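This report concerns only the one structure given below.
The values are calculated or read from the model by the stated rules, or taken from the named source; none is laboratory data. None of these values were measured; they are calculated from a predicted model. Note that we place each Cβ from the backbone using ideal geometry, even for glycine, and neighbour counts take in every protein chain shown. For accessibility, only protein heavy atoms count, side chains too; no ligands or nucleic acids. Shrake-Rupley method; radii C 1.70, N 1.55, O 1.52, S 1.80 Å.
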Amino acid sequence: MVVPRNAVVVSGSRPVTKGLAAEKGVHLYCPVIVKYRDEKTTGSVTLEDMLR
């Protein structure tokens, strides 16, 4: 998978939609893009890096 530039990604899951796994309610882990980086996000990351 290729993550787009400036994407903010968190771990998540998606349900399987076919077959026995769907009947059993199985979910697969996947990356989820929640937003794209903006000035506020950049400021938060910069502050966090400075505090480390």
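Label-to-label distance for Lys24 and Leu47 is 4.5 nm, based on points extended 7 Å past Cα in the beta-carbon direction.
Once backbone amide H atoms are built at 1.01 Å from N, Val8 has Val34, Lys35, Tyr36, Arg37 as its partners under 5 Å, excluding neighbours fewer than 5 places away on the same chain.
Sorted largest first by accessible area at a 1.4 angstrom probe radius, with every protein chain in place, the residues Tyr36, Tyr29 fall in the order Tyr29, Tyr36.
For Val3, the accessible surface of its heavy atoms amounts to roughly 70 Å² (probe 1.4 Å, protein chains only, rounded to the nearest 10).
With contacts taken as Cα pairs under 8 Å and at least 6 residues apart, the chain reaches a relative contact order of 38 percent. The per residue volume of the convex hull around the alpha-carbon atoms of the chain is 108 Å³.
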